[in-house]
Amino acid sequence: MHIGILTAGHVPAELRPHSGDYETVFAKFLENQGLTFQNWDVVDMDFPNSIDAAEGWLITGSRHGVYEDHPFIPPLIQFIQAAFIAQVPMVGICFGHQIIAQAMGGRVEKSTKGWGVGRQVYSYAGAEVTLNAWHQDQVVEKPPLATSIAQNAFCEHAGFLYGKQALTLQPHPEFRDDFMAGLIEHRAPGVVPENRLDYARAQLGGPTDGVQIAADIAAFFHLDREEPA
């Protein structure tokens, strides 16, 4: 299955020699899952010519807020809405989770709870999973079509399922320890409070459930959409 990655932001320059940009991070995260990938840097106004340029779409994280005035956000919202109409499946991670929610009638804000960084435990589809997080913005109003599938005390709306149309998560299942350490060193200073960074540093090396989430994302893309949701 051919998946289009809509890159909504870039990996910090200091991390790219090791990790690559987000299309590389996600291709590695979802390798050996029967998926192929093509990237569009939508943050730089590089958009697909058609909703049908891929069989499914994945929207990455970003340092930008979905409520901010950036040129790429209105056309990305239009693209999301068109994908819903055309019933082309989508996955959204962090910023991707938020902008799909906003496009479908939800609301996103900079949370009064501040930054959530490091390993977090979520209630997810009736079980518990541990995933890395890196966000201050949160969905504060659930879109009408969304079913909540993930939450914790810090983030009430940490994951949504929109039938067979979209699967979205606030945390970053694709972030591994080395990537988190790089963010702490290169992106966080002067931005994320030191006490939150102390927590994130202390959590490095702990297990996460990214492998499970990668399998769940792949299974979602591979769903038989000839059958009713």
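The values are calculated or read from the model by the stated rules, or taken from the named source; none is laboratory data. Being a predicted model, the structure only gives us computed values, none of them experimental. We place every Cβ from the backbone using ideal geometry, glycine too, and count neighbours over all the protein chains shown.
Observations
- Scanning segment 139-155 turns up no residue that is modelled with pLDDT of 95 or more and within 25 Å of T24 (Cβ to Cβ).
- If you go through segment 83-101 and keep only what is assigned to a loop (DSSP other than H, G, I, E, B) and either in contact with a strand residue (DSSP E or B) (Cβ under 9 Å, 6 or more places away or on another chain) or without any contact (Cβ under 8 Å) to a residue 24 or more places away in the chain (or both), you end up with V88, P89, C94.
- The set of residues in segment 103-123 being over 14 Å from H172 (Cβ atoms) and assigned to a strand (DSSP E or B) consists of R107, V108, E109, K110, V121, S123.
- Test: residue in segment 107-115 that is at pLDDT 95 or above and buried (at least 24 other Cβ atoms within 10 Å of the Cβ): no
- Any hit, segment 182-191, residues being in a loop (DSSP other than H, G, I, E, B) and touching a Cys at 6+ places or on another chain (Cβ under 8 Å): no
- Flag if G126 is in contact with a Pro (Cβ under 7 Å, 6 or more places away or on another chain) and exposed (fewer than 15 other Cβ atoms within 10 Å of the Cβ): no
Residue-wise test of (1) more than 29 Å from R16 (Cα to Cα); (2) buried (at least 17 other Cβ atoms within 10 Å of the Cβ).
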{"position": "V140", "(1), (2)": "yes, no"}
{"position": "L169", "(1), (2)": "no, yes"}
{"position": "H186", "(1), (2)": "no, no"}
{"position": "F221", "(1), (2)": "no, yes"}
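- Number of the condition not met by A13 [criteria: (1) touching a residue at least 24 places away in the same chain (Cβ under 8 Å); (2) part of a loop (DSSP other than H, G, I, E, B); (3) of a type in the set (A, V, I, L, M)]: (1)
- Pair list, Cβ < 9 Å and 6+ apart or interchain, from segment 156-181 residues that are free of Cβ contacts under 8 Å to residues at least 24 places away in the same chain to residues that are of a type in the set (S, T, Y) and crowded, with 21+ Cβ neighbours inside 10 Å: L161/T168
- Checked against (1) in a helix (DSSP H, G or I); (2) under 19 Å from V11 (Cβ atoms), D198 meets all criteria but (2).
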